[in-house]
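Report on the following structure.
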Amino acid sequence: MDGGAAQVVIILASLLVGLGAYGLAGSRNLVRQLISAEVVFNGILLLIIVFLSRSPIAANMLGILLTVVVAGEIIIVVAVIAALYRRIASLETSAIEEEGV
Amino acid sequence: MSLPLEDLSVVALAGISTLLALAVVRHKDMVYASASLALLGIATALLVAILGYPIVAVFLVIVYVGAAVMFIIVSVSMLGGGGYEEWDDYRGLAAGAASGAAVLMIGLFGGLWQAYSPPEPVSLQTIANLLAGDYAIVVIVLAVGLAATILEGIAIARRGG
């Protein structure tokens, strides 16, 4: 793969970060915010993979470890979302503020 | 001028990924939005494989898509689809800020593509040796942290907040 394709990947990664930020900032639903944060993660992972191409071992290690950390983050956030839903029967941040959870 | 098949694949995957990311952010049904995230994860894994990191790509598909994102989809389905979604009044502002962030990132990092060179292939044996050797402490800390995370997640979900 040449540099032109790497350029496409960098533009895609930037778009993913922008779209994820839009979902995070524009929605009040916790599930939407979680999956938007995951879109940002996909973009950041692509950027790291491209920029660390000169040290492939570091890129491999960082890619693997980052994926594991994000999987752990998803477990915790989904558990919090399930607990909140059981308590206030809503996933809107405004409802959470009203309930004062 | 003809593009090699690999470059065409990257361009096609980039287009598909952008559409899937839009579906994740805008689809009204949370289950379908989460399913789009799973497909986006697979597209990202394909891109990572094309960039020269097949082991990371396999890891992404198995751990990220196969476990974590599936966990989101199942949980959202069990919560009844995530409920009604209310968008903020200032979502236009959010869209503008996000577009600005994307343009800024392209401006900051777009010129760095010249730093890219196809990586030397790294064998699975090398990665396994590194994880068991130089990165052993990191792996142990991560394993303990993940175990604690899983227990914490179960405790939070059982307590109900």
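State the answer as a single residue: which of B:I137, A:V80, A:L24 lies farthest towards the positive end of the charge dipole of the protein assembly as shown, with beta carbon charges of +1 for Lys and Arg and -1 for Asp and Glu, about the Cα centre. Positive-most Cα among the choices belongs to A:V80. The distance between label points at B:E152 and B:L112 comes to 2.9 nm (points 7 Å beyond Cα on the Cα→Cβ vector). Computed across chain B, the Kirkwood radius stands at 19.3 Å (inverse of mean 1/r, all Cα pairs). Inter-chain neighbour count for A:83-90: the average number of beta-carbon atoms from partner chains within 10 Å of each residue's beta-carbon is 5.
Approximating the spin labels as points 7 Å out from Cα along Cα→Cβ, the B:L5-to-A:T93 distance works out to 4.6 nm. Give, as ranges by residue number, the residues of region A:78-96 whose backbone N falls under 17 Å from the point 7 Å along Cα→Cβ of A:I44. Taking a point 7 Å out along Cα→Cβ of A:I44, the residues of region A:78-96 whose backbone N falls under 17 Å are A:78. Along region B:102-110 the Karplus relation, 6.51 cos²θ - 1.76 cosθ + 1.60 evaluated at θ = phi - 60°, assigns HN-Hα couplings of 5, 5, 4, 5, 5, x, 6, 9, x Hz to successive residues, with x for each Gly and Pro.
Computed over region B:4-52, the percent of Cα pairs more than 16 Å apart is 39.
Give me the Debye-computed log₁₀ of I(q)/I(0) at q = 0.10, 0.15, 0.19, 0.22 Å⁻¹ for region A:3-99, equal point scatterers on Cα only, no solvent, two decimals. Computed log10 I(q)/I(0) values: -0.36, -0.69, -0.93, -1.08.
Rounded to the nearest 0.05, the FRET efficiency derived from the C-beta distance between B:L131 and B:V74 at R0 = 30 Å is 0.55. Summed over all non-identical Cα pairs, the Kirkwood treatment of the protein assembly as shown gives a radius of 19.2 Å. Mean-square fluctuations from a GNM of chain B, with a 10 angstrom spring cutoff on Cα atoms, peak among B:I127, B:I16, B:I140 at B:I140. Think of it as helices only: each DSSP H run of n ≥ 4 in chain B is worth -39500 (n - 2.57), and spread over all residues that comes to -22500 deg cm²/dmol at 222 nm.
All of the numbers you see were taken from the coordinates with simple rules; none came from a lab. Only a predicted model underlies this, so the values are computations on that prediction, with no experimental measurement involved. Methodologically, a virtual Cβ is constructed for each residue, glycine included, from the backbone with ideal geometry; neighbour enumeration extends over all protein chains shown.
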